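What follows is calculated from the coordinates using simple rules that are stated; it is not laboratory data. Everything quoted here is computed from the prediction, not taken from an experiment. Every residue, glycine among them, receives a Cβ derived from its backbone with ideal geometry; neighbour counts consider all protein chains shown.
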Amino acid sequence: MTFESHPKRLDSVLTRRQFDEVLQCLSALARKCRISAVFLVNGSGQILAEHNGKGPSSAGLAALAAGSYAASREMARLLNETPQFPMVLYEGRNQNVFIASVAADCFLIVVFGRESALGMVRIFTRKTIEELAPVFGQTEQEPAPDGMIDASFREALNRRLDQTFGPDSE
Amino acid sequence: MFIHAALNEIHLKIVYYGPGLSGKTANLEYVYRHIDPSLKGDMISLTSREDRTIFFDFLQLEVGHIDGKKPKFNLYTVPGQIHYDLTRKIVLSGVDSIIFVADSQKARMEDNINTLLDLEKHLIQDGKTLEEFPWILQYNKRDLPDCETLDTLNHRLNFYNIPFFEAAATQGKGVFNTLKASIKEVVAHAHARLGETRRMRA
């Protein structure tokens, strides 16, 4: 699999086994390239897995990267570049951010500093994407675990919402 | 919706949609300023020099563990100005629920309607419809003079008879009511979707 091919779309459930496999891939990438942090994020900006040693706060970074990823996809479409730009690089003085497409609606954010060479990060990120491909193949088949959202959860959530935000007012 | 079974997390994306200057960012800012710091992340706003949203505002909200599970709500706004059409499409990617923030002032009715049509266009492009998608209405700026009556607003905008809320977002009125209702709506919808998926697999 290359950056350019997107055979699978990430479904909405990630199981423990898949999560462990993804974490192994991300940890290996972090170790080999001595990077600060690496995140696997879906198109909605939700973090699926992260290896974040001394890296940045994650939720905001993921939301911004998802916007950047989606914007680059739209730019590619406007320029008739298909399927999309495989990577986006933000090059800074001390920190760099590398965003690489993994699947149709999923990408990696790699944050690395001056101690890591961009070429090496690119090579090993590509390898990580190849390793992640089988995980996405399985993911499409995974159902949501029973009881994840049920009547009991909804009742408890409603009570918590009232505690957190106060009861409904006029 | 994304379910992280390994971490017992449920991620849901809620987008505030509406015409320019209807008060989408004001809603999010009020939530950010008035919620327990332990339940929120940083608020991110991508704005122009004139402080208008050009991409989105973002705030991640949590309400702790519920029945052993941890729901996380990713709140976004879209830029309301007409020429940010593609940007709105991007922000809507993967959306689970929409809060349509309408401007109650009489002079803004056409803008409300045009923006609602714009939303419907984007949903249809993504295989969804306003009729079946979970969304709620907020009639904002009720504190200003020259507002439309609720009857008129409902007649022109609420053609699917969805839940609606009055608000004055800059003062916080109706902000939490709207958000709570949206969360309940999106979770109810997710519950139904999961049940449907299970029945199809059985």
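Helix B:24-34 versus the longest principal axis of chain B: what angle, 0 to 90°, nearest 10, using Cα atoms?
60 degrees
Report, to the nearest 10°, how far helix B:175-201 tilts away from the longest principal axis of the Cα atoms in chain B, using its own Cα long axis and a range of 0 to 90°.
In chain B, helix B:175-201 runs at an angle near 40 degrees to the longest axis.
Explain nothing, just compute: Karplus ³J(HN,Hα) = 6.51 cos²θ - 1.76 cosθ + 1.60, θ = phi - 60°, for every residue of the range A:156-164 in order, whole Hz, x for Gly and Pro.
These are the phi-based 3J(HN,Hα) values: 5, 5, 4, 5, 5, 5, 5, 5, 6 Hz.
About its Cα centre, how strong a charge dipole does the protein assembly as shown have in debye, to the nearest 20, once Lys and Arg get +1 and Asp and Glu get -1 at the Cβ? Before the final figure, lay out the partial values.
On the way: 43 positive and 46 negative charges, 217 e Å.
Dipole about the Cα centre, nearest 20: 1040 debye.
On a 0 to 90° scale, report how tilted helix B:109-125 is relative to the longest principal axis of chain B, with both axes built from alpha carbons and the result rounded to the nearest 10.
The helix B:109-125 is inclined about 30 degrees to chain B.
Taking the Cα of B:R201, stepping 7 Å toward and past its beta carbon, and measuring to each backbone N in the range A:146-166: which are under 15 Å?
A:146-150
Across the range A:64-76, in residue order, what do the Karplus-derived ³J(HN,Hα) couplings come to in whole Hz, using 6.51 cos²θ - 1.76 cosθ + 1.60 with θ = phi - 60° and x for Gly and Pro?
Once θ is set to phi - 60°, the couplings for the range A:64-76 become 5, 5, 4, x, 5, 4, 5, 5, 5, 5, 5, 4, 4 Hz.
Would you mind listing how long the range B:123-202 runs along its three principal axes, going by Cα atoms, in whole Å with the largest first?
Cα extents, longest axis first: 56, 24, 21 Å.
Would you mind listing how long the range B:1-139 runs along its three principal axes, going by Cα atoms, in whole Å with the largest first?
47, 34, 24
What are the principal axis extents of the Cα atoms in chain A, in Å, biggest first?
Its Cα atoms span 56, 37, 36 Å along the three principal axes.
In debye to the nearest 20, how big a dipole does the range B:1-136 give about its Cα centre with +1 on each Lys and Arg Cβ and -1 on each Asp and Glu Cβ? Intermediate results must be reported in sequence, preceding the final value.
Working: 15 positive and 19 negative charges, 33 e Å.
For this selection, approximately 160 debye.
To the nearest 20 debye, what charge dipole does the range A:16-165 have about its Cα centre, counting +1 at the Cβ of each Lys and Arg and -1 at the Cβ of each Asp and Glu?
Values: 16 positive and 16 negative charges, 139 e Å.
Value, rounded to 20: 660 debye.
What's the percent breakdown of Cα-Cα distances in the protein assembly as shown across 20 Å bins, shortest bin first?
Final binned percentages: 28, 57, 14, 0.
Put one equal scatterer on each alpha carbon of the range B:63-193, apply the Debye formula with no solvent term, and list log10 I(q)/I(0) at q = 0.17 1/Å to two decimals.
Per q value, in the given order, log10 I(q)/I(0) is -0.98.
What is the calculated FRET efficiency for B:L144 to B:E50, with r their C-beta to C-beta distance and R₀ = 30 Å, to the nearest 0.05? Present the calculation step by step, with values, prior to reporting the outcome.
On the way: r = 21 Å, r/R0 = 0.70.
After rounding to 0.05, the efficiency reads 0.90.
Calculate, in nm to one decimal, what B:R193 and B:E131 gain on full extension: separation in residues at 0.36 nm each, minus their alpha carbon distance.
Working: separation 62, 0.36 × 62 = 22.32 nm, distance 1.55 nm.
Result for the pair: 20.8 nm of gain on full extension.
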